[in-house]
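The values are calculated or read from the model by the stated rules, or taken from the named source; none is laboratory data. Everything quoted here is computed from the prediction, not taken from an experiment. Heads up, the Cβs are rebuilt from the backbone with ideal geometry, glycines too, and the neighbour counts pull from every protein chain shown. All accessible areas refer to the heavy atoms of the entire protein, side chains included, with ligands and DNA or RNA removed. Shrake-Rupley method; radii C 1.70, N 1.55, O 1.52, S 1.80 Å.
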Amino acid sequence: MASDTPRTDEPDPNAVVDRYEQQLDDLLAEVDEPTPRADDSITLELAGLELSRRDLMKAGGTVGLATGLAGCSTWVGGGGSRQPTSSSNDGQTPAHTVPPGELDEYYGFWSGGHSGEIRVVGIPSMRELMRIPVFNTEGARGYGHDDTTSELLAEGGGYSWGDNHHPALSETGGDYDGEYLFVNDKANGRIARVDLTYFETDAILDVPNVQAVHGFCVQSPDTEYLFGNGEFRTPLPNDGRALDSPDEYASLFTAVDPESMSVEWQVRVDGNLDIVDTDKDGRWAIASAYNSEEATDVQGMTHDDRDFVKAFDVPRIQQAVDAGNYEEINGVPVVDGRRDSPLNQSDTPIVRYIPTPKSPHCVEVGPNGDYAFVAGKLSPTVTMLDIAALDTSSDPDDVVAGRPKVGLGPLHTTFDGNGHAYTSLFIDSQVAKWDIQAAVEADTNSTEPILEKYDVHYNPGHIQALEAMTTDPAGEWLVSLNKLSKDRFLDVGPIHPDNDQLFHIGQGEKSMELVADHPAYPEPHDCVFAHRDKLSPAKTWDPSDYKGDKPFVTPADSGVERTGERSVHVRASAMRSEYGIPDFQVKEGDEVTLTLTNIEEVPDIIHGAAIPAHDINLAVAPQDTRQATFTADEPGVYWVYCTYFCSALHLEMRSRMLVEPRE
Ligand code: K7E
Ligand code: CUA
């Protein structure tokens, strides 16, 4: 973009800074009754404005609002010396450490952000137990190296990475059934499924017609659909038309069948879509949105005072699809859910547009399904929508059940099942605990419902309490997934880990206690927890569960078969501490298919197969078979070696590939 002549449409950096400052001033002005906290951080935040301004100036004036706001908190929180604003913990905090030889009580599934993986974390120890590659390739599990997983990644779009945001567990009857975990890839607009018998990704869907699937959830209570929100508006179809006509761009709400992992239908809306959650009855999916202006830059997207939460009436949309009331685009039935659509002109519109303070962030539906909690982000409030009222009205007077003032930068809300909500405050770097019923009874903008605030380090995004997304949350522990760790860990260079903080949340009104800081490789957004009794992972593979066309290779089956002029199939068993064939000979240029079965019946004895110079890496669990196809393109001797330390003779567990020159 280097140019001698200044671009005339370049925003004036000072004007941009002034605008952001004004927005922040407006926010702070709204905090006329400071919510209870033990320090003078409101004053500090005002002082922090100066730093925010300098940060913005330094960055050339075009950095985002959030960056500037985070700058405030940098200053406020500096030194990590802030104390909890409430020290009245009920003294009931149990140890979060799990002694050697004992097991955690809960599984936590963390999205891996731009690592593209899912991380399995034990709760309460916060120990990382395993990683499940999803949109990334991964050596330790041979994921993206064997034929099946390579094809999975190729057919799922062929991208080399993903940006995981929202892991969601399959539900039956409003509770986790332990079958599947689903997660979205914001970057490439994909949705993946992880089979929780094997803790392996088994399907990836590249969603058509959308860019950036951001909000994502499973439909409660029975996982009839998966719902994904297209965040970035684009022309529809995006084939070169309407390039610079943003008013013709579209965001789509997508419904996916969780069994076939195919798109059932999509709904086009006015504005965009951000985060989504469903009620507990299979009727409503409720999505936040922040760009009703349909703008393409930050000034435009934050221009208006209001945005519109969109409530999708799922059975009504299904009826419209069944009645053929859609346009097919790239093979998908797309239903028109814009305001002026004929489908929205009756008393029972397919999409309700509910005005909220501008640019809200998340929607989370509380455990009994009464309310959807819309965190204000640029408004210091959480808007509670009365889900039953959506049946007859979109009018805020009818559907807004409460709007407590929780603090600055509310992003996400979670629940303990004891009538409390917990909202993360990105700008304040706090978690606000509040009373749901009190918020219904209090006036709008009241701070009365706030029970407790607790500092986190720093700038939280999602927070999750145990099983908060079920109809019966377990409470007890809560994790605040903080974006910045700053001074909480040893320096590891300029890119810091995130900081996931574990809280015991007890039963009382003021009972939060911070018990652990936990560095997390960037950047988890969200996590979800399930009691260990709700999952039953396999200890070894069942060959009848193999995906694709794979044999079970015994030592007697091991050998080399020429399958064509330029192709061979090598079959080998693996057991401690030898492969079924000590060596095999192929010809230069042959396409080699190597099929390896681990015939061990003992859990935890993994065998691998790596072939130097051929990029081959199989990781084969007991009773599993993996296969890799490659070209032996250079004559020579190539050792095949086992990559998992499986026995005292592990290093000797080798075979040879002899590639003879072709005349
Ligand atoms: Cu708030 Cu993508 Cu869930 Cu991140 S989103 S924080
Ligand atoms: Cu088999 Cu090491």
**Study point:** Test: D487 is within 28 Å of the chain's Cα centre (by Cα) and under 30 Å from L535 (Cβ atoms)
**Key:** no
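Would you confirm, using the coordinates I've provided, whether G157 is part of a loop (DSSP other than H, G, I, E, B) and either out of contact with any Asp or Glu (no Cβ under 6 Å at 6 or more places or on another chain) or not aromatic (F, W, Y) (or both)?
Working: part of a loop (DSSP other than H, G, I, E, B): yes; either out of contact with any Asp or Glu (no Cβ under 6 Å at 6 or more places or on another chain) or not aromatic (F, W, Y) (or both): yes.
Judged against the criteria, G157 is a match.
So that you can scan it fast, the table gives a plain yes or no per residue for (1) open to solvent by less than 30 Å² (accessible area, probe 1.4 Å); (2) closer than 18 Å to G144 by Cα:
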| residue | (1), (2) |
| --- | --- |
| P612 | no, yes |
| L618 | yes, yes |
| P622 | yes, no |
| R626 | yes, yes |
| F630 | yes, yes |
| V637 | no, no |
| V640 | yes, no |
Point to revise | Number of the condition not met by I427 [criteria: (1) more than 16 Å from ligand 1 (Cβ to nearest atom); (2) touching a helix residue (DSSP H, G or I) at 6+ places or on another chain (Cβ under 6 Å)] | key: (1)
**Study point:** Residue among S288, S245 that is open to solvent by 20 Å² or more (accessible area, probe 1.4 Å) and among the hydroxyl-bearing types (S, T, Y)
**Key:** S245
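With D526, D533 as the choices, which residue is open to solvent by less than 70 Å² (accessible area, probe 1.4 Å) and over 18 Å from T148 (Cβ atoms)? Spell out how you get there, then give the answer.
On the way: D533 fails: open to solvent by less than 70 Å² (accessible area, probe 1.4 Å).
It is D526.
Out of the range 358-384, which residues are assigned to a strand (DSSP E or B) and either within 14 Å of ligand 1 (Cβ to nearest atom) or out of contact with any Leu (no Cβ under 7 Å at 6 or more places or on another chain) (or both)? Explain how you work it out, then say what you get.
Quick first cut of the range 358-384, residues assigned to a strand (DSSP E or B) only: 363-365, 371-375, 381-384.
Scanning the range 358-384 gives V363, E364, V365, F373, V374, A375, T381, V382, T383, M384.
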Practice item. Run down V570, V515, V553 and say which single residue is assigned to a strand (DSSP E or B), open to solvent by less than 30 Å² (accessible area, probe 1.4 Å), away from ligand 1 (no atom under 16 Å from the Cβ) and at pLDDT 95 or above. Key: V570
Check your understanding: Quick one: what pairs do we get from the range 538-564, first residue within 24 Å of G589 (Cα to Cα), second in a loop (DSSP other than H, G, I, E, B) and at pLDDT 95 or above, C-beta under 8 Å, 6+ apart or different chains?
Key -> S558/G580; S558/I581; G559/G580; G559/I581; V560/I581
Study note, to complete from the structure: Contact list, first residue from the range 621-648 and within 18 Å of P661 (Cβ to Cβ) and within 15 Å of ligand 2 (Cβ to nearest atom), second anywhere and aromatic (F, W, Y) and open to solvent by 30 Å² or more (accessible area, probe 1.4 Å), beta-carbon distance below 7 Å, six or more apart or interchain, is none
Exercise for review: Looking at (1) away from ligand 2 (no atom under 16 Å from the Cβ); (2) within 30 Å of H614 (Cβ to Cβ); (3) over 18 Å from the mean Cα position of the chain (by Cα), find the lone condition where D175 falls short.
Suggested key: (2)
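Within the range 599-625, which residues are under 33 Å from the mean Cα position of the chain (by Cα) and assigned to a strand (DSSP E or B)? Working first, answer last.
So in the range 599-625, the residues under 33 Å from the mean Cα position of the chain (by Cα) come out as 603-610, 615-625.
Matches in the range 599-625: H607, G608, A609, A610, I616, N617, L618, A619, V620, T625.
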Check your understanding: Any residue at all in the range 429-436 that is open to solvent by 10 Å² or more (accessible area, probe 1.4 Å) and farther than 21 Å from S288 by Cβ?
Key -> yes
Practice item. Name the residue, out of A388, A439, that is crowded, with 22+ Cβ neighbours inside 10 Å, of a type in the set (A, V, I, L, M) and part of a helix (DSSP H, G or I). Key: A439
